[in-house]
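*Asks:* The following block contains the structure, expressed as structure tokens.
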Amino acid sequence: MNQVLHLGSTSQAATQAVSTAGTVATIGAQSGWWLSAAAVPVIGAAVAGVTIGLQLIFNRKGPKQKVASTKIVDELEPLLKNNVEAYMSGPRTRSSQAAALQNFDDAWAWLISDQACGSQALGNPGKACIADRSRGGQWDWFVRYRDPIGNDSQVVDDPVADTVSQLLPGASAETVEQIGSLLPFGLIALALLL
């Protein structure tokens, strides 16, 4: 039974093919999908190995999580950009500033929530999604989309507040703000009475 195998001999090639097929079939079974040893000779061990490798990559959570977190920010970021542009091209009053800042704050709260990148299902890509857009992150959304609004040196008082201040000289800023916030409702009520 001393058989000498030479490189390229038929028995060595057959032994190697069976060994490779067994390894490929074992990996396939461990990866959770079926690749029978009988299929290996038909499609070839190398092709079966590539098939298994691709399935392992396709079934990883990481790439799917990254795609999901990227989709979230790709949908949200244009709205934040529009928010800054709309504020800067608008009246730039204290009220519009407060509304624009609230838009950013609401968007940020949603981004970090479990409904978006804060979801545990997104794993490390979700964490990176938030970290990269936090203050000091790679794509700092605060610097890009909040600070230009919050640090606006050309913001002006609301016209309603100016009018109330003129009508009630000496009134506190809090009183002016309260009356100013109620003035539109008072005007609507007055219009309904007429």
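The values are calculated or read from the model by the stated rules, or taken from the named source; none is laboratory data. Worth saying up front: this structure is predicted, and the values here are computed from it rather than measured. Heads up, the Cβs are rebuilt from the backbone with ideal geometry, glycines too, and the neighbour counts pull from every protein chain shown.
Yes/no per residue for (1) acidic (Asp, Glu); (2) buried (at least 19 other Cβ atoms within 10 Å of the Cβ):
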{"residue": "Leu101", "(1), (2)": "no, no"}
{"residue": "Asp114", "(1), (2)": "yes, no"}
{"residue": "Tyr145", "(1), (2)": "no, yes"}
{"residue": "Pro148", "(1), (2)": "no, no"}
{"residue": "Asn151", "(1), (2)": "no, no"}
{"residue": "Gln154", "(1), (2)": "no, no"}
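*Asks:* Do you know which residues across region 115-146 are of a type in the set (Phe, Trp, Tyr) and within 18 Å of Gln102 (Cα to Cα)?
*Replies:* Of the residues in region 115-146, the ones of a type in the set (Phe, Trp, Tyr) are 139, 141-142, 145.
Selection gives Trp141, Phe142, Tyr145.
*Asks:* Taking only pairs six or more apart or across chains, which ones have beta-carbon atoms under 7 Å, a first residue in region 69-89 that is basic (Lys, Arg), and a second residue that is in a helix (DSSP H, G or I)?
*Replies:* Lys81/Tyr145
*Asks:* Can you tell me which residue within region 55-78, out of those that are farther than 23 Å from Trp141 by Cα and at pLDDT 65 or above, is farthest from the chain's Cα centre (by Cα)?
*Replies:* Among those that are farther than 23 Å from Trp141 by Cα and at pLDDT 65 or above, it is Lys61.
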